Amino acid sequence: MKKYPKPRSLRFRLMLSFLLFAGSLMLLLWTLQVLFLQNYYEAMKTREVIQAADSIVQEYGDLDLSKLQEFSYKTDMYIHLETEGGLLIYTTSDTSPRPSTFASVSDLAQIRTLLEASPGGSVSYTVQTRHGIDTLVYGRLIHDSNLGKVYLSIFAPLSPVESTIEILRDQLIIVTFISLAVAFLIAFVLSTRLSDPLTRITRTAGQLAKGKYGVTFEGSGYSEVAQLADTLTHTSRELARTDELKKDLLANVSHDLRTPLTMIKSYAEMVRDLSGNNPVKREEHLNVIIDEADRLNLLVSDLLTLSKMQSGNTALEWGSFDLKEAAVSALRPFELLQEQDGFRISLETEGEDFTVWGDYGRIRQVLSNLLTNAVRYSGDNKAVTLRLCSDANGVRCEVQDRGIGIPTEELSHIWERYYRASSQSGRASGGSGLGLAITKEIFVLHGASYGAESTVGQGSTFWFSLKHKG
């Protein structure tokens, strides 16, 4: 069996995938929380300042200075409103407990200059105050119908994020190690639960490859693995069954063909050495050879038929046919026995509709096998009855003889190949010993109900039932 390197194993690749996934998430988290935190913070602060400016401009006509003062304290922004002529409309109070020295006169003048030059009527930039505080500066030009141009200036301090980044970096180091450890643990558990059943299946499949059929594949953990194991187990059993059929066929060929071949060889040698010049003896010996050849031909034919059926390679020719007509056809070859040997073979019917669904040729073969078996073991009574009973569900067929019978404890074995009841052991069968085994396989292929009833010394009844429609 070919050996594959460890890096190609399911466990290795699954664990590597989990670790790469966790590592990618940690890399993304580090990038967003550490490298770009300053940029995100400034962008967020800029949006807050612009939203505050939009709100002031929108409510400028009905501006409530007390609310503006409260808003300034709450958002930690320094707000300044003055006209083009220098008239102060509003400025955040210097008496506030928070620092209000974000802006200077030069800053206000610079904002005014930039607003005059800006085509959009707004400016935004970052400066560092004289106290060393980074501050976001935003200016907006407002047109007042009475006062003319009004300059809105907003100063928002930018808190230093270096210390925050340091804290996040320390936390992310811990989170990264924990995440990778958890990812490794989860990957190990999942890969073990998935790869172990596959490893066991592979090991069992190795036994199957060595010819150890009938092994059971164990699958657990996931339904797909269990389904694979069940499928392989079924395949293994089918291979075992096929192998057993092959062995049986070889055993049957070697054992069952040896007897007629030995007889043919022996009588051929007798014709050559002893009876070649004696017409009477020669004719007798040649008849034995012919009979054994016919028996050999029947045995080979039945062996092939049974093996083909048991291997599942027999396709039925389904159709609707009259079972009574098939029964009449099966009885014709036995007319000579009635004329020459005194057998009484009759057909009895009950009902009107004898139409059934099945393979006409195979059911005709069943009837012939059952009639042959009944004639062979009918005893001195020589009476055989083929009975058809039709009802709403289907047709029941019975073949009854009044011969030597079969012990009750042996009825379950009569469908086995070469089995002969103890009550019949002293009688020559004259057949291949496969007739009832073939009959059983035909019943199974049709899904028919079948069985046998017998009493020693009173005879046997073999029966089966077929449905009207498929």
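The values are calculated or read from the model by the stated rules, or taken from the named source; none is laboratory data. Please read these numbers as outputs of a predicted model, since none were measured by experiment. Using ideal geometry, Cβ is built from the backbone for each residue, glycine included, and neighbour counts are taken over all protein chains shown.
Applying the criterion of at least 3 residues that are more than 18 Å from residue 436 (Cβ to Cβ) to the helices (runs of 4 or more DSSP H) found wholly in the range 307-382 leaves 323-331, 335-340. Remark: pairs (first residue in the range 117-130, under 20 Å from residue 158 (Cα atoms); second residue at pLDDT 85 or above and exposed (fewer than 13 other Cβ atoms within 10 Å of the Cβ); Cβ separation under 9 Å; 6+ apart in sequence or on different chains) = 123/117. Report whether or not residue 339 is acidic (Asp, Glu) and under 22 Å from residue 469 (Cβ atoms). Considered against the rule, which asks whether it is acidic (Asp, Glu) and under 22 Å from residue 469 (Cβ atoms), residue 339 comes out as no. Which pairs turn up if I take residues in the range 395-421 that are more than 20 Å from residue 307 (Cβ to Cβ) and assigned to a loop (DSSP other than H, G, I, E, B) and look for partners that are aliphatic (A, V, I, L, M) and at pLDDT below 85 with beta carbon separation below 6 Å, at least 6 apart in sequence or on another chain? Listed by first residue and then by second, the contacts come to 406/421. Entry remark, the range 23-33: residues being surrounded by 15 or more Cβ atoms within 10 Å (Cβ to Cβ) and closer than 19 Å to residue 161 by Cα number 3 in total. Under the condition of being modelled with pLDDT of 85 or more, out of contact with any strand residue (DSSP E or B) (no Cβ under 6 Å at 6 or more places or on another chain) and hydrophobic (A, V, I, L, M, F, W, C), the residues counted in the range 291-330 number 5. Taking the range 112-134 as the range and being under 17 Å from residue 45 (Cβ atoms) and of a type outside the set (Phe, Trp, Tyr) as the test, the residues that pass are 122, 123, 124, 126, 127, 128, 129, 133, 134. Of the residues making up the range 268-288, just one is of a type in the set (Val, Ile, Thr) and exposed (fewer than 11 other Cβ atoms within 10 Å of the Cβ), namely 280.
Residues that are closer than 30 Å to residue 110 by Cα and modelled with pLDDT under 80 within the range 153-209 comprise 159, 160, 161, 162, listed in sequence order.
Scan the range 361-379 and tell me whether some residue there is in the same structural domain as residue 446 (by TED's automatic domain parsing), touching a His at 6+ places or on another chain (Cβ under 8 Å) and not aliphatic (A, V, I, L, M). Yes, the range 361-379 contains at least one residue that is in the same structural domain as residue 446 (by TED's automatic domain parsing), touching a His at 6+ places or on another chain (Cβ under 8 Å) and not aliphatic (A, V, I, L, M). Look at (1) within 30 Å of residue 17 (Cβ to Cβ); (2) surrounded by 14 or more Cβ atoms within 10 Å (Cβ to Cβ) and you find that residue 202 fails only one, number (2). Of the residues making up the range 17-50, those that are β-branched (Val, Ile, Thr), over 23 Å from residue 72 (Cα atoms) and touching a residue at least 60 places away in the same chain (Cβ under 8 Å) number 1. Only a single item in (1) loosely packed, with under 11 Cβ neighbours inside 10 Å; (2) over 27 Å from residue 162 (Cβ atoms); (3) modelled with pLDDT of 85 or more; (4) of a type in the set (D, E, K, R) is not met by residue 82, and it is number (1). Scanning the range 432-468 for residues that are within 34 Å of the chain's Cα centre (by Cα) and within 30 Å of residue 352 (Cβ to Cβ) yields a count of 9.
Taking the range 119-174 and the strands (runs of 3 or more DSSP E) fully enclosed by it, the elements with 1 or more residues that are farther than 25 Å from residue 75 by Cα and charged (D, E, K, R) are at 134-144, 148-157.
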